[in-house]
Amino acid sequence: MRILTALTYYRPHFSGLTIYAERLARALAARGHQVSVLTSRYDPALPGSEQVDGVKLMRLPVLMRVSKGVLMPSMPFWAWKYARQADLVHLHLPQLDAAPVALIARLLGKPVVLTYHCDLRLPQGLIHKVANQVSHLANHVSARLANRIVANSLDYAQSSTFLRPYLGKLHAIAPPVEVPPVSEQEMADFQRKAGIQPGARLIGMAARLATEKGVEYLVQAMPRILQRYPTARVLYMGQYQHVLGEEAYAQKLAPLIQALGEHWTFLGNLSPVELSAFYRTCELTVLPSLNSTESWGIVQVESMRCGTPVVASDLPGVRMPVKLTGMGRIVPPADAPALAEAIMAVLDDPQAYSGDSEAIARQFSPEHTAELYEAIFQKALSG
């Protein structure tokens, strides 16, 4: 099958969406499909085209950034060219270019499958407001044109004002998860690099430093946690500087995090092996997300795959990994005291939240996800 995938950002851009897209594309290519990705050259240093893990990447020039997205005037031309050669077009939403690409595909008689990752909520300001409205309209147009729609869970889809009108053509597929094995030496190297001290009670968080992630509630929870566990420490994995559109948020949090001193460490982005060591080093990880811009949280299942339980917000979709596995606690969003109590409950008795990491690996593997997508692609092709 010849599959054209279109999305705003692709790896090495770091987000849950790009990680999902890369893992799926790579798994489909490994199963013998011809996968091409049409995306932005958001960093001019990136090559315009290359082959990575059996996937053909075509990166288009960016005219300008608009809020958290980009404008690619040449997208319709290249979408027309490559869609003609494809059997099917796969779109990852939200993205500004979704509507013209979906329209081009349908004009060429190509079925469209759309994966809706989450709602888009941009910061305050006129430009952000306009970008949000344009993206919302583009998403609806592409959803109407799509033959099939994929969401991370039915729990999220049924609660989404965007997805509810399209439940008749919706399929739920959990995101693909993979975590590489890590040796004892690699564990030791990571812990030395992170400055892990004996006796520290380690709380992990893996996310961009972004408003919707609810980082401030973990910050606010720490004083209460430190009263019971004076050696508690947060290891924060992910981009925390120069996050597009989040500069004001970072400035607001900076003095609060600095006040925690040695009890908070930013690790930045990690390699896959370091990430695996990170999850295995932490006693639990947290995902205190605030709203529907989070629809699942791949990092939760990555953590569980490494045997590490999770405390996550009780939001549609986000609560599902804990509910499916029993590996953790769910708490009301934007509730620092509740978050603190849940974290301490897990630190009190980690074994109470253990699970079958091998079963989790099989259930959420990229290979299994690709197999489920194949079935949906075949249905779209057969009408």
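Here are some notes:
- Of everything listed in (1) in a loop (DSSP other than H, G, I, E, B); (2) buried (at least 20 other Cβ atoms within 10 Å of the Cβ); (3) modelled with pLDDT under 95, the single unmet condition for Val177 is (3).
- Single residue of region 215-244 satisfying the filter (more than 30 Å from Arg23 (Cα to Cα) and among the hydrophobic types (A, V, I, L, M, F, W, C)) that is surrounded by the most Cβ atoms within 10 Å (Cβ to Cβ): Ala221
- Qualifying residue in region 85-108 (condition: of a type outside the set (Phe, Trp, Tyr), exposed (fewer than 15 other Cβ atoms within 10 Å of the Cβ) and closer than 28 Å to Phe162 by Cα): yes
- Out of Ser292, Ser313, sole residue that is closer than 15 Å to Lys213 by Cβ, among the hydroxyl-bearing types (Ser, Thr, Tyr) and touching a strand residue (DSSP E or B) at 6+ places or on another chain (Cβ under 9 Å): Ser313
- Screening region 356-376 for residues that are buried (at least 18 other Cβ atoms within 10 Å of the Cβ) and not β-branched (Val, Ile, Thr) and picking the one that is farthest from Arg31 (Cα to Cα) gives Phe364.
- Flag set for Gly32, criterion: under 30 Å from Ala375 (Cβ atoms), in the same structural domain as Arg106 (by TED's automatic domain parsing) and free of Cβ contacts under 8 Å to residues at least 40 places away in the same chain.
- For beta carbons closer than 8 Å, sequence separation of 6+ or different chains, a first residue in region 253-264 that is at pLDDT 95 or above and a second that is hydrophobic (A, V, I, L, M, F, W, C) and assigned to a loop (DSSP other than H, G, I, E, B), the qualifying pairs are Leu253/Leu209.
- The set of residues from region 135-181 being in contact with a Leu (Cβ under 6 Å, 6 or more places away or on another chain) and among the β-branched types (Val, Ile, Thr) comprises Ile149, Ile173.
- Only one of the numbered conditions (1) of a type in the set (A, V, I, L, M, F, W, C); (2) in contact with a Lys or Arg (Cβ under 7 Å, 6 or more places away or on another chain); (3) surrounded by fewer than 22 Cβ atoms within 10 Å (Cβ to Cβ) is violated by Met64, and that is (2).
- Qualifying residue in region 245-258 (condition: of a type in the set (Ser, Thr, Tyr), surrounded by fewer than 16 Cβ atoms within 10 Å (Cβ to Cβ) and either touching a helix residue (DSSP H, G or I) at 6+ places or on another chain (Cβ under 8 Å) or under 30 Å from Phe364 (Cβ atoms) (or both)): no
- Whichever residue in region 21-75 is of a type in the set (Gly, Ala, Ser) and in a loop (DSSP other than H, G, I, E, B) and, among such residues, is modelled with the lowest pLDDT: Ser67
- Strands (runs of 3 or more DSSP E) wholly inside region 88-174 containing at least 1 residues that are out of contact with any Asp or Glu (no Cβ under 9 Å at 6 or more places or on another chain) and modelled with pLDDT under 95: 88-93
- Test: residue in region 208-215 that is touching a helix residue (DSSP H, G or I) at 6+ places or on another chain (Cβ under 8 Å), in the same structural domain as Trp296 (by TED's automatic domain parsing) and free of Cβ contacts under 8 Å to residues at least 60 places away in the same chain: yes
The values are calculated or read from the model by the stated rules, or taken from the named source; none is laboratory data. Keep in mind that what you see is a predicted model, and the values were worked out from it rather than measured. Virtual Cβ from ideal backbone geometry, glycine too; neighbours counted across all protein chains shown.
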